[in-house]
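K.L.:
I'd like to ask you about the structure that follows.
Each reported figure results from applying straightforward, stated rules to the coordinates on display, with no laboratory input. Owing to the predicted nature of the structure, the values given are computational and were not obtained by experimental measurement. As a convention, Cβ positions derive from the backbone with ideal geometry for all residues, glycine included, and neighbour counts pool all protein chains shown.
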Amino acid sequence: PIKACIFDLDGVIVDTTHFHYLAWKRLSNELGFDITEEDNEQLKGVSRMECLRIILSIGGVSTSADKLYDLAEMKNRWYVEHINTMTEKDVITGAAEFIEAVQNAGLKVAIASASKNAGIILEKVKLRNKFPVLVDGNLVNKSKPNPEIFLRSARELGIDPDSCIVFEDAISGIQAANNAGMRSVGIGSEDALKNAHFVVPSLGAMSLEDLFSLENF
Ligand code: B16
Ligand code: MG
């Protein structure tokens, strides 16, 4: 039986993808090249340092190991300036309502996000108190598609992995959920998220009937 829902944050509950893009673009420009929105697709669900490596390879730039850390810090400061402007209005339409419906149906909920900023973002959009269990980039070091982040979330919820449903917008996130032995719901396009057990364009398009139909998968 389904006992818990584990939600990714960026791209599922809030749309911070554009803020990440603006900050990475600014860093790329400082380094003398540019990135496109399409390049940004590769950065979804990927940790900050891994994103930096992808960005530098797009620009054909290489730097020393200690400089890498400074560049990631710089990008993060610009990104945090954007997230500091966020309010409840930045929650993706229908997401808060779906989370509430899930809780009212007696299921547990958790956040599993690669972002080290997940806690601040949840505070900004006034959803922090909905999620006693938050496993973020500060607590895990193996990036999705490694299942660690979801297995730790399940452990903290006290629920077996096979009773958890994961909601994810990133291909690597869907793989991580599947690797954890959980059922996965892709948020986005069916084309991109082929490995998900079920796909909807947004949480607002997901019903409790859809959720419980996953019992049979
Ligand atoms: P930060 P998620 C991920 O969040 C983003 O999708 C990804 O683009 C970002 O690089 C990563 O968090 C790390 O974020 O720099 O804030 O630690 O989708 O796993 O909620
Ligand atoms: Mg995401």
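K.L.:
Residues in the range 107-118 that are part of a loop (DSSP other than H, G, I, E, B) and touching a Phe, Trp or Tyr at 6+ places or on another chain (Cβ under 9 Å): how many? Break it down stepwise before answering.
P.N.:
Step one: of the range 107-118, the residues part of a loop (DSSP other than H, G, I, E, B) are 107, 113-117.
Subsequent filtering for residues that are touching a Phe, Trp or Tyr at 6+ places or on another chain (Cβ under 9 Å) retains 113, 117.
The total comes to 2.
K.L.:
Could you run through the range 22-51 and say how many residues are among the aromatic types (Phe, Trp, Tyr) and within 12 Å of ligand 2 (Cβ to nearest atom)? Before you say what the answer is, go through the steps one by one.
P.N.:
Initially, the range 22-51 is screened for residues among the aromatic types (Phe, Trp, Tyr), giving 24, 33.
Next, only the ones that are within 12 Å of ligand 2 (Cβ to nearest atom) stay: none.
Residues that pass the stated criteria total 0.
K.L.:
Which of the numbered conditions does ASN146 fail, given that it passes all the others? Conditions: (1) in contact with a Leu (Cβ under 9 Å, 6 or more places away or on another chain); (2) at negative phi.
P.N.:
(1)
K.L.:
Hey, can you tell me all the residues within the range 6-55 that are charged (D, E, K, R) and more than 18 Å from SER143 (Cβ to Cβ)? Give the derivation first.
P.N.:
Filtering the range 6-55 down to residues charged (D, E, K, R) leaves 8, 10, 15, 25-26, 30, 34, 37-39, 41, 44, 48, 50, 53.
Matches in the range 6-55: ASP15, LYS25, ARG26, GLU30, ASP34, GLU37, GLU38, ASP39.
K.L.:
For the range 83-94, give me each residue that is surrounded by 15 or more Cβ atoms within 10 Å (Cβ to Cβ) and in a helix (DSSP H, G or I).
P.N.:
Selection gives ILE83, ASP90.
K.L.:
If I ask for residues that are over 21 Å from ASP39 (Cβ atoms) and part of a helix (DSSP H, G or I), which ones from the range 52-66 would you list?
P.N.:
First, the residues of the range 52-66 that are over 21 Å from ASP39 (Cβ atoms): 64-66.
Residues satisfying the conditions are ALA65, ASP66.
K.L.:
While we're on this one: Within the range 18-45, which residues are surrounded by 19 or more Cβ atoms within 10 Å (Cβ to Cβ) and outside any helix (DSSP H, G or I)?
P.N.:
ILE35, LEU43, LYS44, GLY45
K.L.:
While we're on this one: Of the conditions (1) within 15 Å of the chain's Cα centre (by Cα); (2) part of a helix (DSSP H, G or I); (3) over 19 Å from ILE13 (Cα atoms), ILE121 clears all except one; give me its number.
P.N.:
(3)
K.L.:
Something else about it: Out of all the residues in the range 167-180, is one or more in a loop (DSSP other than H, G, I, E, B), without any contact (Cβ under 8 Å) to a residue 12 or more places away in the chain and among the acidic types (Asp, Glu)?
P.N.:
no
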